[in-house]
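Where a number appears in this text, it was derived from the coordinates with a stated rule and is not lab data. Please read all numbers here as calculations on a predicted model, not as lab measurements. Cβ sites come from the backbone with ideal geometry, for glycine too, and all protein chains shown count toward neighbours.
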Amino acid sequence: MRKDSFPSGGVSSQERLPQIVVVGASLAGLTLALACATRGVPVHVVERSARRVHGGDSLSIDLAALAATVGHDPRAHPILPVVPAYRDLTTWPALYSWLHDRAAGTSGITFEEGKAVTSVTDLGDQAQLSFADGTQRVADAVIGADGYNSIVRRTIAPEAPLARYAGYVVWRGLIDEQTLMRPVPWPSNGGLWIEFVDGYRLVAAVLPGRDGSVEIGRRQVTFAWFDVHREELLRRTNRLTADGYIVGTLGRGTIDEDVRAELVALIPQLWPQTWAEAVAVGVRSTDALSGAPIAEYQPERLARGALAIVGDAAHVVSPMTGRGFATGVEDAAVLAQMLADRRADEPVSTALARYESARLPFVRGLVAHSKRISADYLRYAADRRLA
Ligand SMILES: Cc1cc2nc3c(=O)[nH]c(=O)nc-3n(C[C@H](O)[C@H](O)[C@H](O)COP(=O)(O)OP(=O)(O)OC[C@H]3O[C@@H](n4cnc5c(N)ncnc54)[C@H](O)[C@@H]3O)c2cc1C
């Protein structure tokens with residue numbers, strides 16, 4: 001095996017090459033990279049996807065917390081388009097692009113995309129990465145921001161490497177309003193519409209258009225349809241293991257015609273006219289519909305030696321908490337500050353251990369809360385089935 005040194009792309013020869021590697025350049029990885037770089041800690045980010053990833057449709061966001069963490073204000077030019085709801089809402093692609101563009105233009109962050117990590121090893125005061133292309137590297141520290149099915153977590157917590165199925169799938173889509181017969185009226189309850197019918201749950205909202213416009217007719221409509229009836233589908237398609245762990249999602253273009261037809265047939269009896277057309281357009285479209293099997297992961301550890309985890313790699317919660325990304329932003333702020341405050345004579349592992357002590361009680365509590373609200377939802381759905 002070849003052992004590479006870090007590439008110097010984007011880093012001038014005067015700067016120290018980044019020796020902290022972040023695995024994963026999605027929302028948590030980009031947020032952490034920016035948080036580190038703006039606090040004077042250079043990082044190198046590796047991402048398995050060669051092109052920009054598509055990871056979701058919509059999410060609530062705390063703009064002030066994001067600004068304080070990443071050192072760029074999403075309310076100042078170039079702004080991140082949002083619509084006000086109980087919290088501000090934005091689209092996943094808009095947030096991802098905003099973070100990616102800020103990170104690409106920030107000194108102290110280097111990227112390698114199209115580079116998949118296959119394993120990491122803690123060497124105590126350093127960490128070793130192995131890649132799918134057969135290469136290996138040694139870094140001062142490796143931070144996993146590699147999502148719910150994290151490779152880095154497998155080394156940090158080999159006794160509990162996987163996230164457990166919470167018992168429901170969320171069908172979701174993001175639809176251009178101009179593809180609908182009529183524009184969607186603004187939800188009367190402040191932007192986000194949530195309804196439970198016959199054991200299903202629908203969350204829907206109107207969001208800025210692809211160009212950021214909030215003009216009627218040019219916006220996007222998002223929906224998240226919670227469904228407890230998909231365990232057999234997840235098992236058959238190898239997304240759910242025999243012992244109840246989630247190891248894959250139902251991505252765009254992978255959902256069978258018969259499943260989509262079943263969902264389309266349910267729409268008129270479940271969802272009001274306001275949202276029914278957008279949901280039907282989304283469910284019918286192979287490119288728009290995806291299914292997220294909801295998983296939960298309550299960590300026992302967030303660090304081990306020269307390794308740590310942030311975002312969904314560290315803790316996985318139900319979207320009913322509205323806290324997945326928000327908690328990743330908090331992880332990034334705390335971890336970046338601990339790395340920046342590290343004394344020159346301290347090993348990186350000391351800062352990572354401090355991060356674990358600061359964050360573990362809170363994130364464990366959040367996952368416990370997630371499990372309670374998932375259990376409430378499953379009880380409600382079971383009651384409706386018996387009724
Ligand atoms: C329906 C739904 C609604 C939600 N709504 C909200 C909300 O309103 N508010 C909120 O705060 N949160 C919300 N969330 C949660 C939020 O979307 C997630 O917490 C967040 O997107 C997770 O980001 P992440 O970067 O940690 O993980 P991911 O998005 O999973 O990113 C992981 C990255 O790591 C890369 N990667 C993985 N493995 C490797 C490897 N081996 N080598 C290299 N790269 C790798 C992947 O390609 C990917 O880019 C919602 C989630 C869902 C499903």
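By Kyte-Doolittle mean hydropathy of at least 0.0 and Cα axial length of at least 15 Å, which whole DSSP H helices of the chain are selected?
27-38, 257-270, 273-284, 324-341
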query: Say each of Asp341 and Arg301 gets a label point 7 Å from the Cα, pointing the same way as Cα to Cβ; how far apart are those two points in nm?
result: 2.4
- prompt: Give me the log10 of I(q) over I(0) for the chain at q = 0.13 Å⁻¹, as the Debye formula computes it from C-alpha points; what are the numbers?
  reply: -1.08
- request: Take every Cα-Cα distance within region 165-295, group them into 10 Å bins from 0 onward, and report for each bin the whole-number percent of pairs it holds.
  value: 13, 43, 32, 12, 1
statement: Stretched fully, the stretch from Glu113 through Asp62 gains (0.36 nm per residue minus C-alpha distance, one decimal, in nm) 15.6 nm
Chain lengthening between Ala242 and Asp256 when straightened (0.36 nm per residue, less Cα-Cα): 2.9 nm
field: Value of Rg/Rh across region 144-205 [Cα atoms, Kirkwood radius]
entry: 1.18
query: Based on the Cβ-Cβ distance of Phe362 and Glu159, what FRET efficiency does E = 1/(1 + (r/R0)^6) give at R0 = 30 Å, to the nearest 0.05?
result: 0.85
message: Only bridges whose two residues both fall in the chain count here: according to DSSP, what percent of them are antiparallel, nearest 5?
response: 75
DSSP-loop chymotrypsin sites (Phe, Trp or Tyr not before Pro) across region 149-202, with at most 13 other Cβ within 10 angstrom: none
- line: Inter-part gap, Cα centre of region 217-271 to Cα centre of region 87-103, in whole angstrom, is 25
- line: Per residue, the convex hull enclosing the alpha carbons of region 88-187 has a volume in Å³ of 202
query: Mind listing which chymotrypsin sites (Phe, Trp or Tyr not before Pro) in region 70-156 are in a DSSP loop and have 16 or fewer other Cβ atoms within 10 Å?
result: Tyr86
task: Kindly provide log₁₀ I(q)/I(0) values, in the same order as q = 0.09, 0.13, 0.21 Å⁻¹, from the Debye equation applied to equal alpha-carbon scatterers of region 250-387.
output: -0.44, -0.75, -1.19
- prompt: What number, in percent, do you get for the relative contact order of region 165-295 if the mean sequence gap of Cα pairs under 8 Å and at least 6 apart is divided by its residue count?
  reply: 37
statement: Scan of the chain for GluC sites (Glu not before Pro) in DSSP loops with at most 14 other beta-carbon atoms within 10 Å gives a longest site-free stretch of 16-158
message: So for the chain, averaging the separation of alpha carbon pairs under 8 Å that are six or more residues apart and normalising by length, what relative contact order in percent results?
response: 20
statement: Amide H contacts under 5 Å for Gly144, restricted to residues at least 5 apart in sequence or on another chain and with H modeled in the peptide plane, are Val23, Ala308, Ile309, Val310
message: Looking at the chain, identify the longest residue range that excludes and avoids all trypsin sites (Lys or Arg not before Pro) in DSSP loops having at most 11 other Cβ atoms within 10 Å.
response: 52-342
